[in-house]
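Student: A single structure is presented below for examination.
Derivation of every value follows stated rules applied to the coordinates shown; laboratory data play no part. These figures come from a predicted structure and were not determined experimentally. Because the Cβ atoms are built from the backbone with ideal geometry, glycine has one as well, and the counts that use them run over all protein chains shown.
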């Protein structure tokens, strides 16, 4: 059985997410890409040089964990080395989105404090977590993939300096999209707040209490399993 036939439901959801990213202008031109681990050695990934609003089922590419095309008429995204690095070093991760959400991108070109590393809103704190800045490297290169390596064990979302956003999750591609949208609206609120005054972040005790909320809801800590021991420690180093 062909992979597209076996994973038709997942492929259709993948397409809906591609189109949603285009509709919200989180991607433009042929920018941005997505990947979904369907099996241990099978990834569904977006094709190169195609506007995400135009992606259809026949455009999807299936590759193995070495990047070899298993099925599909098009070539996979040029950012494939980055995705292979993600899935190799984070076997817990199921899906990843790289996009250019505008308010998040504004933070990737700012010299000011990276407020996405701080606890501002409860939902973002417990669902997305801190978002570090990964140093710039030329797109589509192995160096860009390597620049993520020090950050991958501890975090699930990443600002790409002067570039964009990467968000990953242990759920399907729609779950990862919801995290992207949550982070983008958080960034928008932070930037709006900065125009009228200083940012007020959650206190350490507040974050400690949110750790209890995560346990109650059964939400795992960010990063690879076992790396982080508490939400409070992730934000305050305790």
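Student: How far, in degrees from 0 to 90, does helix 8-23 lean away from the longest principal axis of the Cα atoms of the chain, to the nearest 10?
Tutor: Its long axis makes an angle of about 60 degrees.
Student: OK, next. How large is the helix-only mean residue ellipticity at 222 nm for the chain, computed as the sum of -39500 (n - 2.57) over DSSP H runs with n ≥ 4, divided by its residue count, in deg cm²/dmol to the nearest 500?
Tutor: About -11500 deg cm²/dmol.
Student: Another one. Set the Förster radius R0 to 30 Å, insert the Cβ-Cβ distance between residue 56 and residue 230 as r into 1/(1 + (r/R0)^6), and round the FRET efficiency to 0.05.
Tutor: Here the calculated transfer efficiency is 0.10.
Student: Roughly speaking, what is the stretch gain from residue 113 to residue 209, that is 0.36 nm per residue apart minus the C-alpha to C-alpha distance, in nm to one decimal?
Tutor: Gain on stretching residue 113 to residue 209: 32.1 nm.
Student: Continuing with the same structure: Which value results for Rg/Rh of the stretch 116-238 when Rg is the Cα radius of gyration and Rh the Kirkwood radius based on the inverse mean 1/r?
Tutor: Result: Rg/Rh = 0.96.
Student: Between the helical axis of 204-217 and the dominant principal axis of the chain, each derived from Cα atoms, what acute angle in degrees is found, rounded to the nearest 10?
Tutor: On a 0 to 90 degree scale, this one is about 40.
Student: Extending each Cα 7 Å along its Cβ direction at residue 92 and residue 12, get the distance between those two points in nm, one decimal.
Tutor: About 3.2 nm separates the two model spin labels.
Student: Pop a pseudo-label 7 angstrom from the Cα along the beta-carbon direction at both residue 181 and residue 19 and give the gap in nm to one decimal.
Tutor: In this crude label model, residue 181 to residue 19 measures out at 1.5 nm.
Student: Taking Cα centroids, how far is the stretch 62-102 from the stretch 130-150 in Å?
Tutor: 15
Student: Here is a follow-up. Calculate the FRET efficiency for residue 71 and residue 189 from the Cβ-Cβ distance with a Förster distance of 41 Å, rounded to the nearest 0.05.
Tutor: Efficiency at R0 = 41 Å is approximately 0.45.
Student: Tell me the label-point distance for the pair residue 29, residue 149, using the 7 Å Cα-to-Cβ offset, in nm and rounded to one decimal.
Tutor: With each label placed 7 Å out from Cα toward Cβ, I get 2.9 nm.
Student: Within the stretch 48-91, find all residues whose amide N lies under 20 Å from a label point positioned 7 Å from the Cα of residue 142 along Cα-to-beta-carbon.
Tutor: Taking a point 7 Å out along Cα→Cβ of residue 142, the residues of the stretch 48-91 whose backbone N falls under 20 Å are 64-69, 76-90.
Student: Checking a compactness column here: for the stretch 3-236, what do you get for Rg(Cα) / (2.2 N^0.38 Å), N being the number of residues?
Tutor: 0.99
Student: Then there is this: Among DSSP beta bridges whose residues both lie in the chain, state the antiparallel percentage, nearest 5.
Tutor: Around 90 percent of the beta bridges assigned by DSSP in the chain are antiparallel ones.
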